[in-house]
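The values are calculated or read from the model by the stated rules, or taken from the named source; none is laboratory data. Because the structure is a prediction, the values reported are computed rather than measured. All Cβ positions, glycine included, derive from the backbone under ideal geometry; neighbour counts span all protein chains shown.
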Amino acid sequence: MSSPSGTADLDTIIEDMTAAIARDPADAHAYFRRGNARSNKRQYVEAREDMQQVITLDPTNAMAHNNLGVANLCLGDFETAAQNTSAAINLNSEYRDAFHNRGLARSETGELELALADFSRAIALDPEYWPAYRHRSVVHHLLGNSGASYEDFLKARELMASSG
């Protein structure tokens, strides 16, 4: 049985980065690449461990804080995910993906107004970023804002169609 397309590439990255870490345990980039590959393979516990190591080695790496948040989000630890993505935003106030991911975490913890603000900030940073419109549409719906929800749904659909 063959691997799904891309899985072999991810396995190769994981193997190569594990070897790089064995040669240099302080190689933050190798932990980062391995963590991303593990996340793409849905190995979120391992990805979280790698991102935590990146942050230990380089506390100013906003992407590692965000990706740690994504791993925690995927593991259902929404409060920690919000904290991780907030750390990324504190390091880079223009980090669109961190605002989006914090919005996802906040929507899961019931902080809908804060989630709405995060999705809106992601959209302000990148008006073509359709996932933020899609998720803001859901939050608008949950808040009973059906008109705004529908407008965001249509915008997300339009942007998705034009991007792919």
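Key figures
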read-out	value
Qualifying residue in segment 20-32 (condition: out of contact with any strand residue (DSSP E or B) (no Cβ under 9 Å at 6 or more places or on another chain) and either modelled with pLDDT under 95 or closer than 27 Å to Glu128 by Cβ (or both))	yes
In segment 100-153, the residues that are closer than 20 Å to Asn67 by Cα and in contact with a Leu (Cβ under 7 Å, 6 or more places away or on another chain)	Asn101, Leu104, Ala105, Arg106, Trp130, His135
Segment 19-39 - residue that is of a type in the set (Gly, Ala, Ser) and surrounded by 14 or more Cβ atoms within 10 Å (Cβ to Cβ) and, of those, nearest to Asp58 (Cα to Cα)	Ala28
Filter result for the condition that a residue is farther than 21 Å from Ala161 by Cβ, out of contact with any strand residue (DSSP E or B) (no Cβ under 7 Å at 6 or more places or on another chain), at pLDDT 95 or above and not in a helix (DSSP H, G or I), over Ser86, Ser93, Ser107	Ser93
Within segment 110-164, considering residues that are part of a loop (DSSP other than H, G, I, E, B) and either surrounded by 14 or more Cβ atoms within 10 Å (Cβ to Cβ) or of a type in the set (D, E, K, R) (or both), the one nearest to the chain's Cα centre (by Cα)	Tyr129
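Let's see how each residue does on (1) surrounded by fewer than 16 Cβ atoms within 10 Å (Cβ to Cβ); (2) in contact with a helix residue (DSSP H, G or I) (Cβ under 6 Å, 6 or more places away or on another chain):
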| residue | (1), (2) |
| --- | --- |
| Asp9 | yes, no |
| Met17 | no, yes |
| Thr56 | yes, no |
| Asp77 | no, no |
| Asn90 | yes, no |
| Tyr95 | no, yes |
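Every residue, every condition in (1) in contact with a Gly (Cβ under 8 Å, 6 or more places away or on another chain); (2) basic (Lys, Arg); (3) in a loop (DSSP other than H, G, I, E, B), yes or no:
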{"position": "Asp11", "(1), (2), (3)": "no, no, no"}
{"position": "Asp16", "(1), (2), (3)": "no, no, no"}
{"position": "Ala19", "(1), (2), (3)": "no, no, no"}
{"position": "His29", "(1), (2), (3)": "no, no, no"}
{"position": "Arg34", "(1), (2), (3)": "no, yes, no"}
{"position": "Ile55", "(1), (2), (3)": "no, no, no"}
{"position": "Pro59", "(1), (2), (3)": "no, no, yes"}
